[in-house]
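Engineer: The following block contains the structure, expressed as C-alpha cells.
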Amino acid sequence: MNIIELIIDEEAFITGIQAISVVEQPAIEEDFIALKEEKKVELKSIDDEKRILMGAALIPNKPIYRRDGEEEYYIYFSKDTVRKASELFFMSGNQSKATLEHQVDIEGLTAVESWIIEGEQDKSRLYGMDLPVGTWMVSMKVNNDEIWNDWVKTGKVKGFSIEGYFMDKVNMSADSLASIEKEADEVYAEEKLSAIKAVIKKDKRYKSGKKTELESYNDYPEAVRNNAKRGRELNEKQNNKCATDVGKQRAADLEAGRNVSVETIKRMYSYLSRAEEYYDEGDKESCGYISYLLWGGKAAKRWAESKLKSLGEI
C-alpha cells in the first residue's frame with residue numbers, strides 16, 4: 001500500500017489547516033483530555049472547571065489510513081510540515097474556526113494554546129499523554145454549552161481532527177520539477193540560436209579560411225554518463241512520465257558522451273542546483289530522483305560548477 005507524504009505549498013492561494021474538528025474517531029488515534037472537574041470524563045484532576053480540551057492536532061511521521069474510491073493508501077506529515085502547519089494556522093487567523101465531525105461549523109470553540117512537543121519534560125506528560133517529539137498540541141476553550149454538554153461530557157467526541165489543504169509531495173515534486181525544466185524548454189531555442197550565430201560568425205580567422213568553432217565540452221566524468229543512463233532506465237520503468245523532452249534529450253546527450261555548450265552547462269548547473277531538494281536517494285521511483293539523474297546527477301553538478309569556474313562564468 002502506498003505511503004504518501006503531504007506537504008504545504010506556500011505559493012498556493014489556500015494552504016495549510018483551515019479548521020480543527022472535534023470528532024469521535026480522530027484519524028491520529030489520540031484522545032484529547034477534557035480539563036474539567038467532573039471525574040467521570042476527566043483524565044486529570046483540575047481545580048476549576050475550565051472547559052478546555054487539550055490534545056494532539058498532528059503527530060509527525062504517523063501513517064494515517066485513507067481510501068479514495070477503490071484506492072487505499074496512507075498519508076503522513078513530517079516534523080517540518082507539522083510545525084509549519086501549526087504556525088500558518090494562527091498566522092491565517094483560523095484559531096476560532098472549528099467544526100463538528102467535519103460536517104457542521106460550530107461557534108464558541110477557540111484555540112487558546114498551541115505548542116510543539118520538544119522533549120520528555122513536555123506539559124502533555126503531566127496529563128498522561130505519551131506523544132512523540134514534534135507533535136503539535138492544541139488546547140481549545142469551549143464556550144458552547146451544547147457542544148460541551150451533549151458531545152464532550154457524554155464522551156461522543158474523543159479527539160481533534162484537522163481540516164485543510166495540502167499537497168501530495170510526489171505531485172508537488174513533479175509540478176516543481178516540470179516548472180524548472182520548463183525554463184530549460186524556454187531557453188532551448190535560444191541555445192540553438194546562439195549556437196548557429198556562433199558557428200556562422202565571421203572574424204579574422206574566418207577570413208583566413210578558418211571557421212570559428214562553437215565552444216563545447218565533453219570532459220565530464222564517467223559518473224555523469226552512468227547517472228544519465230540509470231535515469232533513462234528508471235524512467236522507462238515509469239513509462240517515461242518523468243522530465244520534459246529537454247530533460248530526456250539532455251540525458252541522451254550525456255549518456256552518449258556528446259559535447260555540451262557553455263550555455264548548456266549553465267543550464268545544467270542551474271537545474272541541478274534548484275532541483276536538488278527533490279532528489280531523495282531513498283525513493284528511486286520518484287520523479288525527483290529520476291529527473292535529477294537524467295541531468296547527470298550530483299556528479300554533473302560538481303563538474304558543471306567546476307567547469308564554469310574555470311571558464312570564469314561564475
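The values are calculated or read from the model by the stated rules, or taken from the named source; none is laboratory data. No experiment lies behind these values; they were computed from the predicted model shown. Backbone-built Cβ (ideal geometry, glycine too); neighbour counts: all protein chains shown.
Engineer: Being in contact with a strand residue (DSSP E or B) (Cβ under 9 Å, 6 or more places away or on another chain) and at pLDDT 85 or above is the filter here, so list the residues in region 207-252 that pass it.
Structural biologist: 216, 217, 218, 220, 250
Engineer: Continuing with this model, one more query. Quick check on residue 66: is it without any contact (Cβ under 8 Å) to a residue 24 or more places away in the chain and of a type outside the set (Val, Ile, Thr)?
Structural biologist: So residue 66 passes the test.
Matching residues to (1) farther than 25 Å from residue 8 by Cα; (2) aliphatic (A, V, I, L, M); (3) without any contact (Cβ under 8 Å) to a residue 60 or more places away in the chain:
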{"position": "94", "(1), (2), (3)": "no, no, no"}
{"position": "98", "(1), (2), (3)": "no, yes, no"}
{"position": "101", "(1), (2), (3)": "no, no, no"}
{"position": "108", "(1), (2), (3)": "yes, no, yes"}
{"position": "111", "(1), (2), (3)": "no, yes, no"}
{"position": "114", "(1), (2), (3)": "no, no, yes"}
{"position": "120", "(1), (2), (3)": "yes, no, yes"}
{"position": "124", "(1), (2), (3)": "yes, no, no"}
{"position": "128", "(1), (2), (3)": "yes, no, no"}
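Engineer: Just the residues that are at pLDDT below 75, farther than 13 Å from residue 88 by Cα and buried (at least 20 other Cβ atoms within 10 Å of the Cβ), please, taken from region 6-27.
Structural biologist: Of everything in region 6-27, just one residue is at pLDDT below 75, farther than 13 Å from residue 88 by Cα and buried (at least 20 other Cβ atoms within 10 Å of the Cβ), namely 26.
Engineer: For region 69-92: of the residues being hydrophobic (A, V, I, L, M, F, W, C), out of contact with any Leu (no Cβ under 7 Å at 6 or more places or on another chain) and touching a residue at least 24 places away in the same chain (Cβ under 8 Å), which is surrounded by the fewest Cβ atoms within 10 Å (Cβ to Cβ)?
Structural biologist: My answer is 90.
Engineer: Is it the case that residue 92 is in the same structural domain as residue 7 (by TED's automatic domain parsing), within 15 Å of residue 165 (Cβ to Cβ) and of a type in the set (S, T, N, Q)?
Structural biologist: So residue 92 passes the test.
Engineer: Output the strands (runs of 3 or more DSSP E) that fall wholly within region 75-120 and possess 1 or more residues being charged (D, E, K, R) and either touching a strand residue (DSSP E or B) at 6+ places or on another chain (Cβ under 6 Å) or within 11 Å of residue 21 (Cα to Cα) (or both), or say none.
Structural biologist: The strands (runs of 3 or more DSSP E) meeting that bar are 104-106, 109-116.
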